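Chemist: First the structure, which I've put down as structure tokens, then a few questions once you've had a look.
The values are calculated or read from the model by the stated rules, or taken from the named source; none is laboratory data. Keep in mind it's a predicted model, so treat the numbers as computed, not measured. Because the Cβ atoms are built from the backbone with ideal geometry, glycine has one as well, and the counts that use them run over all protein chains shown.
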Amino acid sequence: MKKRLLSTLSAICLSASVFGQSDMTQLIKENFDFAAQQYKVLMKNTPADVMPKTYFANNNKLVTSDTKWWCSGFYPGTLWFVYEHTNDEVIKAEAERRLQILEKEKHFTGNHDLGFMMFCSFGNAYRITKNPSYKTTIDTSATSLATRYRPSIKVIQSWNSSKTMSCPVIIDNMMNLELLYWVSANGGDSKYKDIAITHANTTLKNHFRVDNSSYHVLNYDLNTGVVIKKMTDQGAADESAWARGQAWGFYGYTMMYRFSKDKKYLDQAKKIAAFWLKHPNLPADGIPYWDFNAPGIPNTYRDASAAAVFASGLLELGQYVAKKERKKYVSAAEKIIRSLSSDAYRAKLGENGGFLLMHSAGAVPHKSEVDVPLTYADYYFVEALHRYKQWYL
Ligand code: GLY
């Protein structure tokens with residue numbers, strides 16, 4: 001009993017002395033209060049039957065998407081986090097309305113993005129409300145996603161086959177494993193967990209370079225499983241390190257460790273974190289350029305979305321390591337949160353179409369969504385705020 005009391009006391013002291021800065025308490029509260037106000041602007045701007053996607057300041061145009069777009073779960077997911085931390089019933093009602101239009105996508109099998117779409121949204125809704133109908137939707141979504149598993153290659157196929165691609169698998173796919181593993185861990189069939197583990201292992205074997213950065217796209221031969229080509233779609237070059245891709249891989253392996261406790265996933269997450277944190281092209285404010293090898297650095301775009309994903313992952317990684325390492329990861333996340341909360345990245349109330357963050361990069365080589373707000377930047381930013389508050393204050 002005494003031992004337990006001592007360890008509880010030392011945990012409290014650690015929390016108070018290392019992480020529990022009162023200004024972080026204030027910063028996080030202010031961010032959630034701001035988000036509740038700002039998302040009411042986004043809510044007013046967004047028609048009832050679609051989801052917000054981005055906003056172009058030059059012509060004051062909000063761009064929306066249908067619910068099949070890979071980002072359709074982020075707006076409702078952000079609303080749930082904001083509701084959780086503000087108890088704002090207007091925000092909750094909007095979150096519920098958006099789930100209603102999204103729910104039909106539980107049957108979608110057109111690509112690998114169902115984890116993003118259905119777990120960031122319904123996953124948070126279920127976590128907060130425990131409404132069993134949300135769990136049913138999550139379970140059905142896992143069944144749909146699992147149809148894309150290709151046993152001959154031991155991967156989930158990301159995009160459909162085309163004239164130039166046999167079986168494309170992108171590093172982003174690591175994020176969709178959370179839906180599968182969660183379902184198995186919460187009363188569902190163990191086959192979903194098995195698929196998640198197998199996909200993570202194949203990706204570990206094939207997607208990474210010796211410096212622990214990752215390729216964006218691998219084209220596997222659908223019949224033989226041989227890797228035909230390693231390349232990029234959204235990065236600067238086939239051999240470059242696309243920033244958000246590094247963040248997806250990092251977050252994905254950290255999450256895989258959460259469920260499996262398999263040390264090789266933890267090790268991989270630490271290696272990716274080291275690649276990122278020691279990179280000579282990482283700016284002092286912690287917000288990366290859109291690609292670590294982008295041409296024109298420092299005169300090129302930052303990607304707030306990559307920073308937000310990475311910060312949220314760092315906070316989870318901090319849960320699985322000893323004190324000294326934890327301090328390193330949590331401090332790095334804190335720096336990102338402070339930067340994203342500053343005027344350099346966070347919009348003013350009523351501006352930015354109602355999105356929280358500015359300066360993300362969707363697909364620079366395609367000249368698409370460059371230096372704009374994006375729903376997933378907002379989502380992982382509020383998830384990072386939530387995690388910091390939950391674990392480190
Ligand atoms: N999954 C697409 C992206 O990160 O842009």
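Chemist: I need a count of the residues in segment 362-393 that are small (Gly, Ala, Ser) and either crowded, with 17+ Cβ neighbours inside 10 Å or more than 15 Å from the ligand (Cβ to nearest atom) (or both).
Modeler: The number of residues fulfilling the criteria is 3.
Chemist: I need the full set of residues from segment 146-185 which are among the polar types (S, T, N, Q), under 21 Å from the mean Cα position of the chain (by Cα) and surrounded by fewer than 20 Cβ atoms within 10 Å (Cβ to Cβ), in order please.
Modeler: Matches in segment 146-185: SER184 only.
Chemist: Right, another one. Among the residues of segment 173-189, are any more than 16 Å from the ligand (Cβ to nearest atom), among the acidic types (Asp, Glu) and either within 25 Å of ALA307 (Cα to Cα) or touching a residue at least 24 places away in the same chain (Cβ under 8 Å) (or both)?
Modeler: Within segment 173-189, not a single residue is more than 16 Å from the ligand (Cβ to nearest atom), among the acidic types (Asp, Glu) and either within 25 Å of ALA307 (Cα to Cα) or touching a residue at least 24 places away in the same chain (Cβ under 8 Å) (or both).
Chemist: Could I ask something else about it? Hey, among ALA200, ALA185, which residue is in contact with a Leu (Cβ under 8 Å, 6 or more places away or on another chain) and closer than 19 Å to PHE259 by Cβ?
Modeler: It is ALA200.
Chemist: Let me ask something else. Could you go through segment 145-160 and let me know if any residue there is within 15 Å of the ligand (Cβ to nearest atom) and closer than 23 Å to PHE381 by Cβ.
Modeler: No, that holds for no residue.
Chemist: Scan segment 59-81 for residues that are of a type in the set (Val, Ile, Thr) and in a helix (DSSP H, G or I) and report the count.
Modeler: Summing the residues that are of a type in the set (Val, Ile, Thr) and in a helix (DSSP H, G or I) in segment 59-81 gives 1.
Chemist: Continuing with the same structure: When you look at THR78, is it surrounded by fewer than 24 Cβ atoms within 10 Å (Cβ to Cβ) and among the polar types (S, T, N, Q), yes or no?
Modeler: no
Chemist: Now, a different point. Cβ-Cβ distance below 6 Å, separation of 6 or more or different chains: which pairs start in segment 113-127 with a residue that is closer than 17 Å to ALA146 by Cα and end on one that is small (Gly, Ala, Ser) and assigned to a helix (DSSP H, G or I)?
Modeler: Taking only residues 6 or more apart or on different chains, the pairs are LEU114/SER141; LEU114/SER144; MET118/SER141.
Chemist: Answer with yes or no whether LEU204 is modelled with pLDDT of 95 or more, within 16 Å of the ligand (Cβ to nearest atom) and either in a helix (DSSP H, G or I) or among the charged types (D, E, K, R) (or both).
Modeler: No; evaluated as a whole, the condition is false for this residue.
Chemist: With the requirement that a residue be over 16 Å from VAL169 (Cβ atoms), more than 16 Å from the ligand (Cβ to nearest atom) and either in contact with a helix residue (DSSP H, G or I) (Cβ under 7 Å, 6 or more places away or on another chain) or in a helix (DSSP H, G or I) (or both), what does segment 210-255 give you?
Modeler: Result: ASP211, ASN212, THR254.
Chemist: Residues in segment 379-390: is at least one farther than 22 Å from ILE272 by Cα and touching a Phe, Trp or Tyr at 6+ places or on another chain (Cβ under 6 Å)?
Modeler: Yes, segment 379-390 contains at least one residue that is farther than 22 Å from ILE272 by Cα and touching a Phe, Trp or Tyr at 6+ places or on another chain (Cβ under 6 Å).
Chemist: Moving on to the next point. I want to confirm something. Restricting to segment 277-308 and keeping residues that are in a helix (DSSP H, G or I) and within 16 Å of the ligand (Cβ to nearest atom), which single residue is farthest from ASP343 (Cα to Cα)?
Modeler: Filtering segment 277-308 for residues that are in a helix (DSSP H, G or I) and within 16 Å of the ligand (Cβ to nearest atom), the one farthest from ASP343 (Cα to Cα) comes out as ALA306.
Chemist: Please specify each residue of segment 82-140 satisfying the condition of being part of a loop (DSSP other than H, G, I, E, B), more than 16 Å from the ligand (Cβ to nearest atom) and surrounded by fewer than 17 Cβ atoms within 10 Å (Cβ to Cβ).
Modeler: Hits for segment 82-140 are ASN87, THR109, LYS130, ASN131.
Chemist: Related question: If I filter segment 311-332 for residues that are in contact with an Asp or Glu (Cβ under 6 Å, 6 or more places away or on another chain), in a loop (DSSP other than H, G, I, E, B) and in contact (Cβ under 8 Å) with a residue 24 or more places away in the chain, do I get at least one hit?
Modeler: No, there is no match, as no residue in segment 311-332 is in contact with an Asp or Glu (Cβ under 6 Å, 6 or more places away or on another chain), in a loop (DSSP other than H, G, I, E, B) and in contact (Cβ under 8 Å) with a residue 24 or more places away in the chain.
Chemist: Moving on. Looking at segment 326-360, which of the residues that are of a type in the set (Gly, Ala, Ser) and under 22 Å from ASN45 (Cβ atoms) is farthest from the ligand (Cβ to nearest atom)?
Modeler: Checking each candidate, the answer is GLY350.
Chemist: Now for a separate question. Filter segment 294-320 down to the residues that are among the hydroxyl-bearing types (Ser, Thr, Tyr) and either in contact with a Cys (Cβ under 6 Å, 6 or more places away or on another chain) or within 17 Å of GLY249 (Cβ to Cβ) (or both), then identify the one that is surrounded by the fewest Cβ atoms within 10 Å (Cβ to Cβ).
Modeler: Only one residue tops the list, namely TYR320.
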